[in-house]
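For reference, the structure discussed in these notes is given below.
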């Protein structure tokens with residue numbers, strides 16, 4: 001037997017309307033489910049609430065229950081119990097569709113929130129805009145979270161540069177610590193570049209020592225340059241235009257890093 005949720009709403013205006021009182025709606029849902037061999041798990045209610053308002057406590061609880069994924073069908077006496085205005089209709093339909101839920105209206109047996117209605121052209125456009133806004137809002141929150149972490153000198157996410165690793169055990173939040181197995185690789189790249197004065201010669205040097213990347217590959221020219229220009233090794237965290245002192249241990253001192261940058265610029269001008 002399929003399990004379903006029910007929903008009823010009675011506003012101050014509709015309490016006196018024939019057929020839309022609380023008890024009448026509840027009885028109609030139970031009778032419909034009995035005839036169609038459906039099990040009503042719970043009926044969510046908004047009493048004394050206008051259908052133009054959204055969100056409402058009852059419908060918010062309904063959506064919370066639907067999001068668990070165990071029950072995917074809602075029974076109402078009429079869609080007017082769910083919405084009385086386009087704005088609430090858009091929001092409610094959108095959430096039901098997000099939860100992949102089916103809506104059954106007792107008085108509108110052929111109605112489906114998934115049918116394409118030419119009259120809903122504007123509403124569908126509004127739903128698409130809301131989806132875009134959601135994605136934008138999520139991206140903005142993530143970007144803001146990363147920036148706030150950067151302000152505190154914390155790398156926000158992703159893999160740390162070679163020479164570092166995430167530490168998860170024994171700490172409340174993951175932190176970046178020195179990777180003792182790879183730290184010498186980084187220091188040798190900086191040291192050998194200052195001595196050999198050529199990124200190409202550094203490649204041969206690393207090959208002779210048997211140094212590899214995290215993925216067990218030889219260091220490409222781009223990988224070597226990225227390491228040599230990465231201010232993370234100075235103990236700094238960069239996010240967009242923001243550069244702050246990081247909470248991680250630096251691997252290269254400022255003097256060596258500065259000499260490397262000067263040499264890189266000089267070689268770039270020479271085309272070396």
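Observations, loosely collected:
- Among the helices (runs of 4 or more DSSP H) confined to segment 165-272, there are none with at least 2 residues that are touching a residue at least 40 places away in the same chain (Cβ under 8 Å) and loosely packed, with under 12 Cβ neighbours inside 10 Å.
- Residue 113 vs. criteria surrounded by fewer than 17 Cβ atoms within 10 Å (Cβ to Cβ) and at pLDDT below 90: no
- Residue in segment 250-270 that is under 22 Å from residue 160 (Cβ atoms) and at pLDDT below 90 present: no
- Scanning segment 207-235 for residues that are at pLDDT 85 or above and farther than 20 Å from residue 191 by Cα turns up just one, 217.
- Filtered residue count, segment 90-102, keeping only those that are without any contact (Cβ under 8 Å) to a residue 40 or more places away in the chain and either more than 21 Å from residue 69 (Cα to Cα) or in contact with a helix residue (DSSP H, G or I) (Cβ under 6 Å, 6 or more places away or on another chain) (or both): 4
- Filter result for the condition that a residue is surrounded by 15 or more Cβ atoms within 10 Å (Cβ to Cβ) and over 20 Å from residue 107 (Cβ atoms), over 28, 65: 65
The values are calculated or read from the model by the stated rules, or taken from the named source; none is laboratory data. Remember, it's a predicted structure, so these values are computed and weren't measured experimentally. When we count neighbours, we look across all protein chains shown, and the Cβ atoms used for this are built from the backbone with ideal geometry, even at glycine.
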